[in-house]
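Read the structure below first, then the notes.
The values are calculated or read from the model by the stated rules, or taken from the named source; none is laboratory data. Being a predicted model, the structure only gives us computed values, none of them experimental. Here Cβ is always computed from backbone atoms with ideal geometry, including for glycine, and neighbour counts include all displayed protein chains. Note: accessible area is taken over every heavy atom of the protein model, side chains too, but ligands, DNA and RNA are not part of it. Shrake-Rupley method; radii C 1.70, N 1.55, O 1.52, S 1.80 Å.
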Amino acid sequence: PFVSIYFKLLRPVDHPIESQFAILPILYGQLAGPAGRLNSSHPKAYLATLYHNAALCDHCMNRIKGEWFRYVYCAKDLCDVCKNLNAHAHDRTHFFYVFKAPVDMQIFRIVAELDNLEGSPPVLNYPVYYS
C-alpha cells in the first residue's frame, strides 16, 4: 500500500516538475493499493472496487470508479474511460494527477478551493509543456 498521488504525463516534459515541498497534502483517508498482498499479475485489480463517491466525471457525468484523473491546471475530473477520450481534445499542455484511493473530501474541498467562484487554482503554477 502507498499514499502517493501520481502525475500522468502523456509525453516527455519540457520543464521538470520540481518542488522542495509536497505539491499536494496527504489526501487519502486510507492507504492506496490492495488490502493484503499485491497480486503481481494484476496490480490494478483492487481498483475495480474503488468508488469515489463525491467525484463525478465531467465527460460522462457518472461517479468515478477506479482511478480518478484530475487535470493539474484546470478543475476537470475524468474517469479512466473518459480520460482516454478527452486527453487529446483538451489542451496539450495539460496533464493529470491521479487518485488511486478514497480521497478525504473535506481536505480536498479546501486544497482544490471547490467553493471558489472563480474556480480551482492550478496545482502547479508553471508549465511543464511549452506546446
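Remark on LYS8: its backbone amide H falls under 5 Å from those of PHE96, TYR97, VAL98, a criterion applied only to residues 5 or more positions apart or on other chains, H modelled at 1.01 Å from N. For the chain, the share of accessible area belonging to carbon and sulfur comes to 54 percent (1.4 Å probe, ligands and nucleic acids excluded).
Just need the relative contact order of the chain here, percent rounded to a whole number, with Cα pairs under 8 Å and 6+ apart.
Numbers: 201 pairs, mean separation 40.8, N = 131.
For the chain, the relative contact order is 31 percent.
A probe of 1.4 angstrom, applied to the heavy atoms of all protein chains, finds TYR130 with accessible area near 140 square angstrom. In this label model, LEU9 and ASN116 are separated by 2.5 nm, measuring between points 7 Å along each Cα→Cβ vector. Calculation over all alpha carbon pairs of the chain in 10 angstrom steps from 0 returns a P(r) of 11, 42, 37, 10, 0 percent. The heavy atoms of ILE23 present about 60 square angstrom of accessible area, all protein chains included, probe 1.4 Å.
Comparing VAL103, VAL72, VAL13 in a Gaussian network model of the chain (Cα springs below 10 Å), the most mobile by mean-square fluctuation is VAL13.
For the range 71-113, trypsin sites (Lys or Arg not before Pro) meeting the loop criterion (DSSP other than H, G, I, E, B) and having at most 13 other Cβ atoms within 10 Å: ARG92.
Take the chain, connect every pair of alpha-carbon atoms lying under 10 Å apart with a spring to form a Gaussian network, then pick out the residue of ASP104, ASP91, ASP80 with the largest mean-square fluctuation. The residue with the greatest mean-square fluctuation here is ASP91.
Sparse packing (at most 16 other Cβ atoms within 10 Å of the Cβ) combined with a DSSP loop state is found for the following GluC sites (Glu not before Pro) in the range 37-131: GLU113, GLU118. Comparing TYR97, TYR73, TYR46 in a Gaussian network model of the chain, where Cα atoms under 10 Å apart are tied by springs, the biggest mean-square fluctuation is seen for TYR46. Once both labels are modelled 7 Å past Cα along the beta-carbon direction, what's the CYS74-LYS44 spacing in nm? The modelled label-to-label distance comes out at 2.4 nm. Extending 7 Å from the Cα toward the beta-carbon at both TYR51 and SER19 defines two label points whose distance is 3.1 nm.
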